[in-house]
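The values are calculated or read from the model by the stated rules, or taken from the named source; none is laboratory data. Since the structure is predicted, the reported quantities are computational estimates derived from the model, not experimental observations. We place every Cβ from the backbone using ideal geometry, glycine too, and count neighbours over all the protein chains shown.
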Amino acid sequence: MKTTLNPSLAASAYALTQKMSSNPAAALTRPGEAGNSFADVLEATVGRARESGKRADAMAMTTAAGRPTDLVEVVTAVAESEAALESLVAVRDRVVAAYEEIMRMPI
């Protein structure tokens, strides 16, 4: 079973990467989501990283098993997963920085 190139998947991965470089918090919310609270941003980030990681793993395993797949889609899924992981790390870094700043505050 050969899959065809999905241009919208590639375009969405590219758009997500562009959004994350300009405004990481805006890239984490999907259309229609509020995304105003920290919990919403954190949940969206973790969920997106998990979903894209699962999709990339499944596609890579399909390719490794020797079943016909489109290599462009596999690479795009891996790149999207990498972008989601980078945004998760960025959020984690912000949380750690905020915690350290709070700890430096005088009582």
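Some notes on this structure:
- Filter result (among the basic types (Lys, Arg) and surrounded by fewer than 12 Cβ atoms within 10 Å (Cβ to Cβ)) within the stretch 57-103: Arg67
- Some residue of the stretch 39-48 being more than 17 Å from Val95 (Cα to Cα), among the polar types (S, T, N, Q) and at pLDDT below 90: no
- Close contacts from the stretch 86-107, counting a first residue that is touching a residue at least 60 places away in the same chain (Cβ under 8 Å) and a second that is part of a helix (DSSP H, G or I) and hydroxyl-bearing (Ser, Thr, Tyr), with Cβ to Cβ under 9 Å and a gap of 6+ residues or different chains, come to Glu86/Thr17; Ser87/Thr45; Ala90/Thr45; Val91/Thr45.
- Going through (1) without any contact (Cβ under 8 Å) to a residue 24 or more places away in the chain; (2) under 12 Å from the mean Cα position of the chain (by Cα) one by one, Arg55 falls short only on (1).
- Test: Ala15 is modelled with pLDDT under 85, of a type in the set (A, V, I, L, M, F, W, C) and surrounded by fewer than 17 Cβ atoms within 10 Å (Cβ to Cβ): yes
- Subset tally (residues that are touching an Asp or Glu at 6+ places or on another chain (Cβ under 9 Å) and among the hydroxyl-bearing types (Ser, Thr, Tyr)) for the stretch 49-62: 1
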